[in-house]
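The values are calculated or read from the model by the stated rules, or taken from the named source; none is laboratory data. Computed from a predicted model, the values in this text were never measured in an experiment. Every residue, glycine as well, gets a Cβ built from its backbone with ideal geometry; the counts of neighbours run over all protein chains shown.
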Amino acid sequence: MKKEIKKVFGKTYYLLGIREEDGEKVWLEEGHFDCDWYWGIGYIEIFNKNYTDIEEHTHFDSLFFKGNKNCYDLFKEYFSEITLNDNELWKLLENMKSIYIIRNYSDLLYTGGAHITTNTFKDTIKNDAEYKRINEIVIPMLLNEVYKIVGGVENE
């Protein structure tokens, strides 16, 4: 299946494939830095037929990183057709899992805890320099690699 990039709602979306259950096209939304402190990443969208609205919204990690199940198998089972070869799929899964892990770490560095209550060691956990490095260098680097895998990077 051919890779495809679509720009709607001021955002870029990358076609991942055709969903097995109903033949709908499944799109990965580009990541974005939200509320000046965290990354919105891994949003999976199903559009209506004329691309004027989003019919369904879910998250990459909730679809493909479930407990002890193999993410490669979950991905392959979810789709009837995909835009990636096996090598690209493994790289996509590696990069997306890395992004989720480092994004959670970044959130911890920003809030100084797990964001359940005030952490006793909040001042020790917070690290502005590491938080800045992760959000300005590491996550954009990983996202750029994801975009290369799923369809190409514009303005590179």
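Residues in the stretch 140-149: is at least one modelled with pLDDT of 95 or more, touching a helix residue (DSSP H, G or I) at 6+ places or on another chain (Cβ under 7 Å) and basic (Lys, Arg)?
no
Looking at the stretch 7-110, what strands (runs of 3 or more DSSP E) fall wholly within it and have at least 2 residues that are among the aliphatic types (A, V, I, L, M) and touching a residue at least 40 places away in the same chain (Cβ under 8 Å)?
Filter on the stretch 7-110 gives 11-19, 25-29.
Since Thr83 meets every condition but one in (1) out of contact with any Lys or Arg (no Cβ under 6 Å at 6 or more places or on another chain); (2) modelled with pLDDT of 95 or more, which condition does it not meet?
Against the list (1) out of contact with any Lys or Arg (no Cβ under 6 Å at 6 or more places or on another chain); (2) modelled with pLDDT of 95 or more, Thr83 comes up short only on (1).
Any idea which of (1) at pLDDT below 95; (2) within 22 Å of Lys148 (Cα to Cα); (3) within 16 Å of the chain's Cα centre (by Cα); (4) not β-branched (Val, Ile, Thr) is the one Lys66 doesn't satisfy?
In the conditions (1) at pLDDT below 95; (2) within 22 Å of Lys148 (Cα to Cα); (3) within 16 Å of the chain's Cα centre (by Cα); (4) not β-branched (Val, Ile, Thr), Lys66 misses (2) alone.
Residue by residue through the stretch 1-37, note down the ones that are of a type in the set (Phe, Trp, Tyr) and surrounded by 17 or more Cβ atoms within 10 Å (Cβ to Cβ).
Tyr13, Tyr14, Trp27 - these are the residues of the stretch 1-37 that are of a type in the set (Phe, Trp, Tyr) and surrounded by 17 or more Cβ atoms within 10 Å (Cβ to Cβ).
Would you confirm, using the coordinates I've provided, whether Glu136 is surrounded by fewer than 17 Cβ atoms within 10 Å (Cβ to Cβ), of a type in the set (Asp, Glu) and at pLDDT below 95?
Considered against the rule, which asks whether it is surrounded by fewer than 17 Cβ atoms within 10 Å (Cβ to Cβ), of a type in the set (Asp, Glu) and at pLDDT below 95, Glu136 comes out as no.
Limited to the stretch 81-117, what total is found for residues that are over 13 Å from Glu130 (Cβ atoms), small (Gly, Ala, Ser) and surrounded by 15 or more Cβ atoms within 10 Å (Cβ to Cβ)?
Residues meeting the conditions: 2.
Across the stretch 33-55, what is the number of residues that are within 16 Å of Asn104 (Cβ to Cβ) and aliphatic (A, V, I, L, M)?
Selection size over the stretch 33-55: 1.
State whether one or more residues within the stretch 123-135 are in contact with a Ser or Thr (Cβ under 7 Å, 6 or more places away or on another chain), under 21 Å from Glu30 (Cβ atoms) and part of a helix (DSSP H, G or I).
Yes: one or more hits.
So is Thr120 in a strand (DSSP E or B), of a type in the set (Ser, Thr, Tyr), at pLDDT 95 or above and loosely packed, with under 15 Cβ neighbours inside 10 Å or not?
No, not satisfied.
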